[in-house]
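Here the structure is laid out as structure tokens; the discussion comes afterwards.
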Amino acid sequence: MTRHRGNSRVAWCVAALLSLSAGVARAEPSAEQAAAAEALFREGRELVAQGKLAEACPKFAASQRLDPGYGTQWNLADCLERVGRTASAWAAFREAADMASRAGQAEREAKAARRAADLEKKLERLTVAVRAPADGLVVRRNGAVLDAGAWGAPLPVDPGKHRVEATAPGKRPFSAEAQTAGPGNTVTVEIPPLEDDPAAAAAAPPQQPAGPADPRPDAPPRPAGGGGGDDGASTRRALSFVAGGVGVAGVVTGSIFGLIASARWNQAQDEHCRTETLCDSKGVALVDDARSAAALSNVGFVVGGIGLAAGVALFVTSLDDAEPAAARVVVVPAVGTTGGGLAIQGRF
């Protein structure tokens, strides 16, 4: 393997890490976003007071997207339940409980969990059954693609009508409309084998017969001895230890500031704040300190992740110059319920 190819693999690994890191650390909302979120929240509360629930729910949802918070999520869930959107309200209350759990607020978590449990008994469900899936089959429910893993599962839906569509290359599309059957009941829509579409087959270009494979010369043999390849491997190996050290320092820094942020936030919420946004002067100062520490924690973890992944990539590719088939590194995104990262798999 040439030195150029090894360097390209390093660049690819680091670029993949940088792109994923942007999604791991959630940036704090800007002042304008926070102000807009507060205005939308207040407008939603006023609409609720006026009995205009259908208009209030989108205000809470927009506020939550701009500046997520337990109070806004709770009001959104309550609004959705009051307009009869039981499945959406159930999911919103579960998210509120998760937010309270992550913040260490046991009382709020239990309150939201109780509301979700009460709603779960009233859920209406829709099953989309696919008996003979065609190649390239795409199933949509109310316009959104339904993952193949969800086919055949009784999924909670809001009461009312739901449209199910199925399409596949060279096949006639299928569509059906289903009406939910009341609390606790499940409705099933079965997608039959799709029929061939003669118009699509006629429009397809004729396939050309496969010709003989284009013979390509084997790669030139690797020159014997050390040479420039060994110099490049030594340099990358040395850089891998430097990058790894930076990565460890970043992770340690992120952990320390994460603990500081958690302590400041909990102290503010427990002693100086009535809600997440209504605090006395001491509470405001503690919340500001918590946000600053959280931002530094995010930076530390991002830098740490970049350093560690770059160190591994540099070390593994340095082995390629000595043994072309002995080492392989694969960087795979790993996403969980509380964050994301990179899984680096290797063969040495």
In the range 160-179, residues that are crowded, with 16+ Cβ neighbours inside 10 Å and in contact with a Gly (Cβ under 6 Å, 6 or more places away or on another chain) total 1
Log entry, pairs with first residue in the range 128-154 being more than 15 Å from Phe174 (Cα to Cα), second being assigned to a strand (DSSP E or B) and among the hydroxyl-bearing types (Ser, Thr, Tyr), beta carbons closer than 7 Å, six or more apart or on different chains, reads Gly152/Thr127; Ala153/Thr127; Pro154/Thr127; Pro154/Thr186
Could you say whether any residue in the range 192-205 is at pLDDT 90 or above, under 17 Å from Ala129 (Cα atoms), open to solvent by 40 Å² or more (accessible area, probe 1.4 Å) and assigned to a strand (DSSP E or B)? no
Give the residues of the range 125-141 that are open to solvent by 60 Å² or more (accessible area, probe 1.4 Å) and at pLDDT below 95, sorted by residue number. Arg131, Pro133, Asp135
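If you scan the range 99-124, which residues turn out to be touching a residue at least 60 places away in the same chain (Cβ under 8 Å) and either open to solvent by 70 Å² or more (accessible area, probe 1.4 Å) or part of a strand (DSSP E or B) (or both)?
Step one: of the range 99-124, the residues touching a residue at least 60 places away in the same chain (Cβ under 8 Å) are 102-105, 121-124.
Hits for the range 99-124 are Arg102, Lys121, Lys122, Glu124.
For every residue, the table says whether it meets (1) open to solvent by less than 80 Å² (accessible area, probe 1.4 Å); (2) part of a strand (DSSP E or B); (3) at pLDDT 75 or above; (4) over 30 Å from Ala132 (Cβ atoms).
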| residue | (1), (2), (3), (4) |
| --- | --- |
| Ala181 | yes, no, yes, no |
| Gln207 | no, no, no, no |
| Pro212 | no, no, no, yes |
| Asp231 | no, no, no, yes |
| Ser234 | yes, no, yes, yes |
| Gly250 | yes, no, no, yes |
Give just the number: which of (1) within 27 Å of Asp196 (Cβ to Cβ); (2) free of Cβ contacts under 8 Å to residues at least 40 places away in the same chain does Pro68 not satisfy? (1)
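Here is a check on your reading of the model: is Ala268 more than 30 Å from Val138 (Cβ to Cβ), under 37 Å from the mean Cα position of the chain (by Cα) and modelled with pLDDT of 65 or more? Break it down stepwise before answering.
Numbers: more than 30 Å from Val138 (Cβ to Cβ): yes; under 37 Å from the mean Cα position of the chain (by Cα): yes; modelled with pLDDT of 65 or more: yes.
Yes, satisfied.
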Could you check the range 69-118 and list, in sequence order, the residues that are in contact with a Phe, Trp or Tyr (Cβ under 6 Å, 6 or more places away or on another chain) and aliphatic (A, V, I, L, M)? Leu76, Ala77, Ala96, Met99, Ala100, Ala112, Ala116
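Output the residue which, of all residues in the range 285-305 that are over 18 Å from Ile256 (Cβ atoms) and aliphatic (A, V, I, L, M), is most open to solvent (accessible area, probe 1.4 Å). It would help to see each step written out before you state the result.
First, pick out the residues of the range 285-305 that are over 18 Å from Ile256 (Cβ atoms): 285, 287-288.
Still in the running and aliphatic (A, V, I, L, M): 285, 287.
Values: Ala285: 47, Val287: 13 Å².
For the range 285-305, the residue satisfying everything is Ala285.
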Failed item, numbered, when Phe241 is tested on (1) surrounded by 13 or more Cβ atoms within 10 Å (Cβ to Cβ); (2) more than 30 Å from Leu146 (Cα to Cα); (3) modelled with pLDDT of 70 or more: (1)
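The values are calculated or read from the model by the stated rules, or taken from the named source; none is laboratory data. This is a predicted model, so every value here is computed, not measured. Cβ: placed from backbone, ideal geometry, glycine included. Neighbour counts: every protein chain shown. We work out accessible area using only protein heavy atoms, side chains counted, and drop any ligands, DNA or RNA first. Shrake-Rupley method; radii C 1.70, N 1.55, O 1.52, S 1.80 Å.
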